[in-house]
Amino acid sequence: MNYFFLTLIFICIVYFVNKNFSENNALANYTGQIHQKYSGFKKIPLSGGFFFSFFCIIILFKFFPLLSLFIFLIFLSGIISDLNLVKSPKLRFLIQLLFIGAFVLFLDVTVYPTRLILLDQLLSNTYFGFAFSIFCLLILINGSNFIDGLNGLLLGYFISILIIIYFLKSSYFLNVLIDNNQIINLIIILFVLLIFNFKNDLYMGDSGAYSLSFFLGYLLINIYESNLFISPYFIVLLLWYPCFENLFSIIRKFSLRRSPLNPDSNHFHQLLFHFFKRKFSLKKLNTNNLTSISIISYNLLIFSISLIDIRNSQLQILLIFINIVVYLRVYYALFFYKNLNT
């Protein structure tokens, strides 16, 4: 297959369809929301989720019709939010819970074993295992939505994961749900969307954050289930950033007696954006892209180190611990910098 030709075709499709979205004010972002001021106040189509879900389903439907159906349902749960059709965050969360719960039940998704004796004993209970799998996927998709606050951050992060999967499939002959051609096609799709996203021509939106992270989360769980020689903490490491961002945000908001469902401007990437903006006096879009590239580069470095031995749980746990320490240390430094300079 000529991947260069495929890339050109996909660029043309995204360009003309997205232009139509923009001219007709379709799927437009709600300018002025607190978490959107890092990209600008211009009306931008939230079309990234549409493109990803549409082409992902085309790639997968023949062999994985049920998975394709749930990708579509998760996409719809994001569209409900993007179009502000359901204003209540609690109701939107319940819709997510319903779809994720049905997915875990019908596809028998299990996060097991974890190599932690106590947790594995709990997970041997069907109901606890069911609830734990739902919890993991919910934390991932909502954390991924948090990191979508900057252009390129969400897409760049998950492109990195797909590149790692492609490398491992080729090097370790892993049993992976999708083949190499499908992986490359997904990388091309996300890379084209990344270009348009960096140029501020489209956003992924909730629909894109949900559907992309949902699919990659399931893919990684399936990879572990099919290749138990891999440390489960290697999978955790690949997904640590959006998951920890969500968990830390929940703890932080509860400590301030605020609802974890309401957005704010104190996420890590937002604080780093503020630091770069004041430090280097860059334009908003340039600061946005610099912040995303910095976070993606750090994670790529950590992912590269983890590849030294994907079987070694001690190495993977150490890297996760380093990530958390670095995150918290830098976060509080950036938080105090912001408050001292406003």
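The values are calculated or read from the model by the stated rules, or taken from the named source; none is laboratory data. These figures come from a predicted structure and were not determined experimentally. Note that each Cβ is placed from the backbone with ideal geometry, even for glycine, and that neighbours are counted across all protein chains shown.
Some observations on this one:
- Set side by side, the residues Arg252, Arg258, Arg278 differ, and just one is surrounded by 16 or more Cβ atoms within 10 Å (Cβ to Cβ), modelled with pLDDT under 95 and not aromatic (Phe, Trp, Tyr), which is Arg252.
- Boolean, Ser292 is small (Gly, Ala, Ser) and surrounded by fewer than 18 Cβ atoms within 10 Å (Cβ to Cβ): no
- The residue that is farthest from Asn246 (Cα to Cα), among those in the range 102-121 that are surrounded by 15 or more Cβ atoms within 10 Å (Cβ to Cβ) and touching a Phe, Trp or Tyr at 6+ places or on another chain (Cβ under 8 Å), is Leu107.
- Index of the failed condition, Ile296 passing every other in (1) over 26 Å from Arg92 (Cβ atoms); (2) more than 18 Å from the chain's Cα centre (by Cα): (2)
- Any chance Leu319 is over 21 Å from Phe167 (Cα atoms), in contact with a Leu (Cβ under 8 Å, 6 or more places away or on another chain) and not polar (S, T, N, Q): no
- Failed item in (1) surrounded by 13 or more Cβ atoms within 10 Å (Cβ to Cβ); (2) closer than 30 Å to Val86 by Cβ, with Thr287 passing the rest: (2)
- Listed by position, the helices (runs of 4 or more DSSP H) inside the range 110-216 whose residues that are closer than 26 Å to Arg252 by Cβ number at least 1 are 117-123, 126-147, 153-172.
- As for the range 227-249, it holds no residue that is over 21 Å from the mean Cα position of the chain (by Cα) and part of a helix (DSSP H, G or I).
- Neighbours by Cβ (under 9 Å, 6+ apart or cross-chain): first from the range 232-260, within 23 Å of Leu318 (Cα to Cα) and free of Cβ contacts under 8 Å to residues at least 60 places away in the same chain; second part of a helix (DSSP H, G or I) and hydroxyl-bearing (Ser, Thr, Tyr): Ile235/Tyr224
- Residue pairs whose Cβ atoms lie under 6 Å apart, separated by 6 or more positions or on different chains, with the first residue in the range 188-211 and over 19 Å from Ser81 (Cβ atoms) and the second surrounded by fewer than 24 Cβ atoms within 10 Å (Cβ to Cβ) and polar (S, T, N, Q), are Ile188/Thr7; Phe198/Asn289.
Each row is one residue, and each column tells you yes or no for (1) more than 20 Å from Leu60 (Cβ to Cβ); (2) surrounded by 21 or more Cβ atoms within 10 Å (Cβ to Cβ).
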{"position": "Leu138", "(1), (2)": "yes, no"}
{"position": "Gly143", "(1), (2)": "yes, yes"}
{"position": "Ile189", "(1), (2)": "no, yes"}
{"position": "Leu212", "(1), (2)": "no, yes"}
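- Given (1) touching a residue at least 12 places away in the same chain (Cβ under 8 Å); (2) more than 27 Å from Ile95 (Cα to Cα), index of the condition Phe173 fails: (1)
- Residue match in the range 261-275 (condition: without any contact (Cβ under 8 Å) to a residue 60 or more places away in the chain and surrounded by fewer than 18 Cβ atoms within 10 Å (Cβ to Cβ)): no
- The number of residues in the range 44-80 being in contact (Cβ under 8 Å) with a residue 24 or more places away in the chain and assigned to a loop (DSSP other than H, G, I, E, B) comes to 4.
- Flag for Gly101 being within 18 Å of the chain's Cα centre (by Cα), in a helix (DSSP H, G or I) and not hydrophobic (A, V, I, L, M, F, W, C): no
- Some residue of the range 22-42 being surrounded by fewer than 19 Cβ atoms within 10 Å (Cβ to Cβ), of a type in the set (A, V, I, L, M) and modelled with pLDDT of 85 or more: no
- Applying the set (1) touching a residue at least 12 places away in the same chain (Cβ under 8 Å); (2) over 21 Å from the mean Cα position of the chain (by Cα); (3) over 23 Å from Ser213 (Cα atoms) to Tyr331 leaves exactly one unmet item: (2).
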